[in-house]
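The values are calculated or read from the model by the stated rules, or taken from the named source; none is laboratory data. Computed from a predicted structure; not experimentally measured. Neighbour counts are summed over all protein chains in view; Cβ atoms, including those assigned to glycine, are modelled from backbone coordinates with ideal geometry. The protein model used for the area step is the full one, side chains on, heavy atoms only, and it has no ligands, DNA or RNA in it. Shrake-Rupley method; radii C 1.70, N 1.55, O 1.52, S 1.80 Å.
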Amino acid sequence: MKITPREIEAHLATLQSTPAVLSRVSSDLDDVTLRQRPQTGQWSLIELLAHLSACAEIWGDDIQEMLSCDIPTLTKPHPRGVMNEARFRERSFEGLLASFAALRNELLRVIVPLESAQWVRSAMING
């Protein structure tokens, strides 16, 4: 699989802007609204953020492994299970956003300097 410099720039721009976008769309919302699902089967804003935070937490170290080892074998929990843990479910939106932003900044610190060839590393995750 190849990735172009333009695609890398687009991915980095999305990664960099997501915390600010989440902050902007949530700035005028109270906790009840942030926890309210818009429709049955859809996630609330806090559930979306909990999922992004769980992904960032679970997969952040995977990227380090993928960069340091050739095709590492990793066993990880699914983010949907992790996001339902009390440490995500019971936190405020602001607290989750701060944690997510810190994890995102750490990810960017690692991946921004990568060369194009390093963006196609892989791993065996959960078989």
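So that you can scan it fast, the table gives a plain yes or no per residue for (1) at negative phi; (2) modelled with pLDDT of 95 or more:
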{"site": "42", "(1), (2)": "yes, yes"}
{"site": "60", "(1), (2)": "yes, no"}
{"site": "64", "(1), (2)": "yes, no"}
{"site": "90", "(1), (2)": "yes, no"}
{"site": "127", "(1), (2)": "no, no"}
Original post:
Of the residues in segment 61-94, how many are part of a helix (DSSP H, G or I), surrounded by 12 or more Cβ atoms within 10 Å (Cβ to Cβ) and of a type outside the set (Asp, Glu)?
Top reply: 11
Original post:
If a residue has to be free of Cβ contacts under 8 Å to residues at least 40 places away in the same chain and over 17 Å from residue 34 (Cβ atoms) to count, how many in segment 88-108 make the cut?
Top reply: 2
Original post:
Which of the residues that make up segment 10-53 are assigned to a helix (DSSP H, G or I), loosely packed, with under 13 Cβ neighbours inside 10 Å and more than 17 Å from the chain's Cα centre (by Cα)?
Top reply: 24, 25, 31, 32
**OP:** Identify the single condition in (1) out of contact with any strand residue (DSSP E or B) (no Cβ under 9 Å at 6 or more places or on another chain); (2) modelled with pLDDT under 85; (3) over 15 Å from residue 47 (Cα atoms); (4) surrounded by 12 or more Cβ atoms within 10 Å (Cβ to Cβ) that residue 122 does not satisfy, given that it satisfies every other one.
**Re:** (4)
**OP:** Give just the number: which of (1) small (Gly, Ala, Ser); (2) more than 14 Å from the chain's Cα centre (by Cα); (3) open to solvent by 50 Å² or more (accessible area, probe 1.4 Å) does residue 102 not satisfy?
**Re:** (2)
